[in-house]
Amino acid sequence: MSPAPESRWTAARLADTAAEIVAAQEPAPIVQAGHPVLRMKALPFDGQLDDALLNALIEVMRRTMHAAPGVGLAAPQIGLPLRLAVIEDMWATDEDVVRVRARTPLPFFALVNPGYVPVGDERAEFYEGCLSVPGYTAVVRRHARIEARWTTPAGARRTSEFSGWQARIVQHETDHLGGTLYLDKAEIRSLSTNEEYSARWAHPTPEAAARELGF
């Protein structure tokens, strides 16, 4: 049996790759679907990067997320299989979208070694996309409320409940760290190009798309 791909990522290789990303002094290229790093189980962070390098990497991830633009970015999306993600959602949206999707502002923060569990049985279905799968969007049924646990870059442990769109973002980014893309969980018949979505299905809920596309 061949060793898991992530086993080839030594601490030194992780640190060297992170240093190369930081040294570029610009938003990092976003890895696209089909690259093996997006299918690896990211390695837990346990000090492979020193504090200065970790914080510099997080800053590059923040700039990359903003430039894309997006509301979250996981380290594998810039070619580094490490359990690290950044999140921020301060986008102004339509009032109906805010209400139906429970989308409230989420200030920037970084999650080290995050995980989540559902709170209750409620699920919510909405279109979402991914910076590593550009040009497409699909409906994903996700937990409406979760409890997330992570460590801050400074080493403090955090536990918090998220609901609505915030819960969706945390789930999406944490899934990346397990080698899962949103399309793995999507209603595949809902898959639309961004152009078709904008022309036909850009409503607060996917009900019309479900009727017409048969999902």
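Values quoted throughout were computed directly from the atomic coordinates according to the rules given, and no laboratory measurement underlies them. All values reported here derive from a predicted model rather than from experimental measurement. Positions of Cβ are backbone-derived with ideal geometry, glycine not excepted, and every protein chain shown enters the neighbour counts.
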ask   = Taking the Cα-to-Cβ direction at A202 and at E20 and moving 7 Å from each Cα, how far apart do the two end points lie in nm?
value = 3.9 nm
Burial order of peptide ranges 22-28, 49-55 (average beta-carbon count within 10 Å, highest first) = 49-55, 22-28
ask   = Among residues other than E125 whose Cβ falls under 12 Å from its Cβ, what is the net charge (Lys/Arg +1, Asp/Glu -1)?
value = +2
task = Name the residues whose placed amide hydrogens come within less than 5 Å of the amide hydrogen of E88, ignoring near sequence neighbours (fewer than 5 apart) on the same chain.
result = G72
task = Considering the convex hull of the alpha carbon atoms of the stretch 50-112, report its projected area averaged over all viewing directions, in nm², one decimal.
result = 4.7 nm²
task = Compare V97, V112, V139 in a GNM of the chain, Cα atoms joined below 10 Å, and give the one with the largest fluctuation.
result = V97
inquiry  = Among DSSP bridges having both ends in the chain, what percentage is antiparallel? Round to the nearest 5.
reply    = 95 percent
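On alpha-carbon atoms, Rg over Rh for the chain using Kirkwood Rh? Walk me through the numbers on the way to the answer.
Working: Rg = 17.4 Å, Rh = 17.9 Å.
With Rg and the Kirkwood Rh in hand, the quotient comes to 0.97.
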